[in-house]
Amino acid sequence: MAPPPLPRRLVSCYRPERCFASRRRDRPCRRQRRRGEVQMSSESAATVPRERIESDLKVAMKARDSERVQTLRMLLGALKNRRIELGSEPDDREFLAQVQRAVKQRREAAEQFRAGGREELAAKEERELVILEHYLPAQADEETVRAAVREFIAAEGLQGPQAMGKVMPAMLERFAGAVDGKQLSRIVREELAR
């Protein structure tokens, strides 16, 4: 047996194109906004990194995930400080640099806590590290990086450790956020020593 039909005033809210409760057809009515029936369009979806973090923060707050909330607030604070320093909204490159900086801080803190015998604090830093790595692009594997470095060195005809100043900026630009600077530096040194 089919469920009874909804009253007319409720039907209109479930069909935004025919909602008569709104004066403008391109805007959802108050009832839709209150009930959360409004979906973001694809062009207004959270594409800016800061907006993505803010939406993830709201989800974490609703889920009462205090560790994620604390980590995301720290990242938003760092982005806000960077925005004040620059005088404008940080671009994607600045965003990646800020996240990488936070990841590096967490990694170093975890190592120091572990060296000091504070396993519980090291574990906390590593959990925050996992949360932050979610905002970095997929990490490139070592073989891919090594092949790209070899290719660049061969194409430019470089050799010796003095060429590191030419190789590193090109590789950092190519693998922006996808490789750790220490790892890249080690690979470049090894390839230039050949």
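Just checking, does the stretch 96-110 include any residue being under 17 Å from the mean Cα position of the chain (by Cα), modelled with pLDDT of 90 or more, assigned to a helix (DSSP H, G or I) and farther than 30 Å from Glu173 by Cα?
Within the stretch 96-110, none of the residues are under 17 Å from the mean Cα position of the chain (by Cα), modelled with pLDDT of 90 or more, assigned to a helix (DSSP H, G or I) and farther than 30 Å from Glu173 by Cα.
Which of the numbered conditions does Leu158 fail, given that it passes all the others? Conditions: (1) modelled with pLDDT of 80 or more; (2) surrounded by 13 or more Cβ atoms within 10 Å (Cβ to Cβ); (3) not assigned by TED's automatic domain parsing to the domain that holds Asp92.
Unmet for Leu158, out of (1) modelled with pLDDT of 80 or more; (2) surrounded by 13 or more Cβ atoms within 10 Å (Cβ to Cβ); (3) not assigned by TED's automatic domain parsing to the domain that holds Asp92: (1).
Check whether at least one residue in the stretch 125-135 is within 30 Å of Pro49 (Cβ to Cβ) and outside any helix (DSSP H, G or I), and report yes or no.
Within the stretch 125-135, one or more residues are within 30 Å of Pro49 (Cβ to Cβ) and outside any helix (DSSP H, G or I).
On the given criteria, is Arg52 under 25 Å from Ala178 (Cβ atoms) and touching an Asp or Glu at 6+ places or on another chain (Cβ under 9 Å)?
No, not satisfied.
Would you call Leu158 more than 27 Å from Arg68 (Cα to Cα) and in a loop (DSSP other than H, G, I, E, B)?
Considered against the rule, which asks whether it is more than 27 Å from Arg68 (Cα to Cα) and in a loop (DSSP other than H, G, I, E, B), Leu158 comes out as yes.
From the list Val149, Val167, Val145, Val130, which residue is of a type in the set (Val, Ile, Thr) and within 28 Å of Asp56 (Cβ to Cβ)?
Only one candidate passes the filter, namely Val130.
Counting just the residues of the stretch 47-103 that are over 17 Å from Glu133 (Cβ atoms) and of a type in the set (Gly, Ala, Ser), which one comes out surrounded by the most Cβ atoms within 10 Å (Cβ to Cβ)?
Ranking the candidates gives Ser55 first.
Of the residues Ala148, Ala110, Ala178, only one is touching a residue at least 12 places away in the same chain (Cβ under 8 Å) and assigned by TED's automatic domain parsing to the domain that holds Ile53; which?
Ala110
The values are calculated or read from the model by the stated rules, or taken from the named source; none is laboratory data. This one's a predicted model, so the numbers in the text were calculated from it and none came from an experiment. Methodologically, a virtual Cβ is constructed for each residue, glycine included, from the backbone with ideal geometry; neighbour enumeration extends over all protein chains shown.
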